[in-house]
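The values are calculated or read from the model by the stated rules, or taken from the named source; none is laboratory data. It should be emphasised that the depicted structure is a prediction, and the values quoted were computed from it without experimental measurement. Every residue, glycine among them, receives a Cβ derived from its backbone with ideal geometry; neighbour counts consider all protein chains shown. Surface areas here come from the heavy atoms of the whole protein model, side chains and all, with no ligands, DNA or RNA. Shrake-Rupley method; radii C 1.70, N 1.55, O 1.52, S 1.80 Å.
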Amino acid sequence: MNPFLIVPFLVFSLSIAFPSVRADELDGTGSVSGRVASTEPLVAGSVYLREPKRNLTYMVYTADGRFSAPYVLPGNYEVTVEQPGLVSTSQQVSVSPGAEITIDLEVEREGQGVRVVGSRPVAPVAFAGYEEIYPPGPGRDTLERTCIVCHGVNWISQRSGNDATAWTAFVDMMLNMNDSIWGIEDGTPMMPPGAINAAQRKELIAYLAEHFGPDQPARMVRNDEDLPLDQAALGKAMWVEYTVAQPKSPDGQNRWIQEPYFDLQGNVWYTERTRGAPAILKLDPRTGEFTRFPTPNPQWSPHGLVVDPQNPQMLWWAGRGVEVTRMDMKTGEMTPYGDTSNPQRWGGHTPVFDSRGNLWWTQIAADRIGYWDRKTDELKHFDIPNKGGRPYGILVDHDDKVWFAEFYGCQVTRFDPETESFTEYTLPSSPCTSRRLGLDSKGIIWYGAFSSGKLGRIDPKTGEMKEYRIGRFSEPYEAWADPDDKIWLTDGGQGGMLVRFDPDTEQFTYYPSPRRSDMPKMAITGEGAVWYSNRSYASSGHGPATVGVLYPDVSRMTTLGAYYQVDEWGKAYGSGSPHPAKPTR
């Protein structure tokens with residue numbers, strides 16, 4: 001092991017009480033507040049505080065022309081307002097423990113801001129409406145239900161310039177006419193058999209060649225929908241982002257950081273999927289220091305991770321090259337499980353524990369779920385009924401039933417480990433893609449219909465399903481309940497944001513993020529803070545790798561550490577924890 005930085009920590013049992021907050025943890029911070037003068041109304045303007053030496057960024061919103069950023073770590077910050085179509089003055093401030101700094105900023109109009117669909121352009125491009133980029137005609141329907149439903153509205157339009165031969169190669173690759181998928185022999189292609197017939201294939205290729213051919217420029221879809229911002233709610237919020245010091249791997253690859261998970265000491269662990277330099281990362285949010293644990297094989301690719309609830313010194317991750325791997329969080333030693341003969345073979349995807357301490361995970365490429373038995377230390381697999389469904393996110397409910405989303409199948413499926421039987425729920429948005437699931441305290445299953453811009457719920461007791469429209473171009477990646485049973489979504493389709501849904505009022509609150517990026521996974525603390533990674537911002541080469549947290553209400557902050565909720569028996573529970581919802585005894 002050769003981590004960039006090693007920060008030792010103590011290991012505790014999961015039966016301990018919730019960690020007490022250090023009295024000096026927030027006392028060692030300062031605050032920056034002030035007024036933003038504008039020549040026109042400024043609703044929820046984004047105020048940034050950047051400290052390059054500490055690789056820290058804070059962002060707060062204006063409310064009635066004022067802003068406040070509490071609990072800022074000491075350092076020298078540049079403070080600016082950044083909003084599409086506006087230009088801002090800047091201020092340099094030096095924050096010390098206990099300091100209360102007040103400043104004034106000014107903004108004025110400079111051009112027109114444009115809301116763009118998606119997480120980030122891959123190159124400078126023009127913007128246009130959806131109907132202009134994708135005009136009606138033979139082949140568009142097939143494109144929408146097979147390509148756009150998975151890749152989103154900008155993947156095709158940003159790759160204009162290909163002729164019919166090149167587009168034929170793209171389509172046939174997805175149809176898997178010439179090769180197996182993801183290292184799985186006889187694997188089901190990403191576009192399942194029967195998805196399109198020969199005539200539809202011909203129409204699709206012709207449509208792509210006509211509208212995205214050699215003479216067509218790369219473009220992105222402009223989002224003309226109004227985004228209602230609740231500045232009273234946003235004025236209570238604060239984002240904090242931590243930048244990884246090394247923006248690229250040793251051989252120059254863009255960093256790719258995926259999923260967060262908390263340990264019992266308040267640290268946040270992440271999977272890193274950087275090509276040629278995969279690793280497990282640990283962040284101490286109180287200092288901003290990262291520790292890096294490389295995988296033994298540089299061709300592996302960790303995807304999801306979870307801390308062992310019965311042995312919290314151990315972390316498990318799933319990904320390419322293995323099914324699952326156990327890692328000692330102190331030494332970084334890793335023990336892989338499953339077939340490791342092909343490092344390009346997609347094994348596990350997302351792991352989660354049940355109440356007995358057994359591990360479950362999805363295998364998206366193999367169309368099955370995996371199981372590790374703690375008593376026997378052996379693996380077992382269960383093929384899903386829907387071939388080509390692509391099992392993705394997974395959770396275990398209050399009754400130890402296993403639920404997973406089918407990415408391509410547009411289904412949510414429940415597996416009963418006792419009867420080894422499956423129950424399938426076809427989503428109202430079908431056809432669609434769906435990635436991850438969440439669970440609230442009442443046992444309701446929540447999901448995001450990724451390709452249709454909707455949030456959905458399933459009541460396991462009645463089988464009733466209901467969906468709520470978020471936005472035309474919304475791409476809800478994950479849905480999770482916070483401690484108050486409000487549902488949070490990660491949404492890269494609307495330019496990168498977190499969205500809160502109140503099931504009682506059926507209202508959405510939108511929190512635009514500091515960077516245009518997707519956020520493939522989140523974890524929510526006992527105080528309601530939402531942790532995430534800016535995956536596409538760094539992996540597509542637009543900037544350094546960053547991870548971060550949204551504090552929706554800074555008045556609830558008691559710590560800079562990240563802790564799950566803990567019940568009266570000392571068991572961690574909450575979004576992404578070993579127990580997704582509060583256990584009952």
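Brief remarks on what is shown
- Sorting the segments 302-312, 97-107, 489-499, 552-562 by their residues' average number of neighbouring beta-carbon atoms within 10 angstrom, most packed first, yields 489-499, 302-312, 552-562, 97-107.
- Cα gyration tensor shape of the range 205-259, rounded if a/c is under 1.5, else prolate or oblate by comparing a/b with b/c: oblate
- The label point for Asn197 and the one for Arg469, both projected 7 Å from the Cα toward the Cβ, are 3.2 nm apart.
- Gyration tensor (alpha-carbon) shape descriptor, the range 265-395, a/c threshold 1.5: prolate
- Annotation: Cα Rg of the range 416-490 relative to the compact-globule expectation 2.2 N^0.38 Å equals 1.11.
- P(r) tail fraction, the chain - alpha-carbon pairs more than 33 Å apart, %: 42 percent
- Straight-distance candidates among the lysines for linking to Lys380, with alpha-carbon spacing under 17 Å and chain neighbours fewer than 8 residues away dropped: Lys401.
- Solvent-accessible surface of the chain, taken per residue with a 1.4 Å probe and all protein chains present: 39 Å².
- 5 Å-binned pair-distance histogram of the range 188-314 (Cα, whole percent): 2, 8, 11, 11, 10, 10, 12, 14, 11, 7, 4, 1
- For the range 136-295: relative contact order, % (alpha-carbon pairs under 8 angstrom, 6 or more apart): 18 percent
- Pairs spanning more than 30 Å between alpha-carbon atoms, out of Lys461/Lys521; Lys53/Lys486; Lys53/Lys236: Lys53/Lys486.
- At full extension, Asp485 and Asp400 could sit 28.6 nm farther apart than now, given 0.36 nm per residue minus the alpha carbon distance.
- In the range 484-543, a dipole from Cβ-located charges (positive for Lys and Arg, negative for Asp and Glu) runs towards its positive end, and of Leu498, Pro512, Ser536 it is Ser536 whose Cα lies farthest in that direction.
- Three-way shape call for the range 61-140 based on the alpha-carbon gyration tensor, with the a/c threshold at 1.5: prolate
- Helical mean residue ellipticity (222 nm; -39500 (n - 2.57) per DSSP H run of 4+; nearest 500) of the chain: -2000 deg cm²/dmol
- At full extension, Arg35 and Asp339 could sit 103.5 nm farther apart than now, given 0.36 nm per residue minus the alpha carbon distance.
- Neighbour net charge for Met314 - beta-carbon separation under 12 angstrom, K R +1, D E -1: -1
- When the Cα positions of Leu204, Asn176, Ile133 are compared along the charge dipole of the chain, Asn176 comes out farthest toward the positive end, with charges on each C-beta of Lys, Arg, Asp and Glu.
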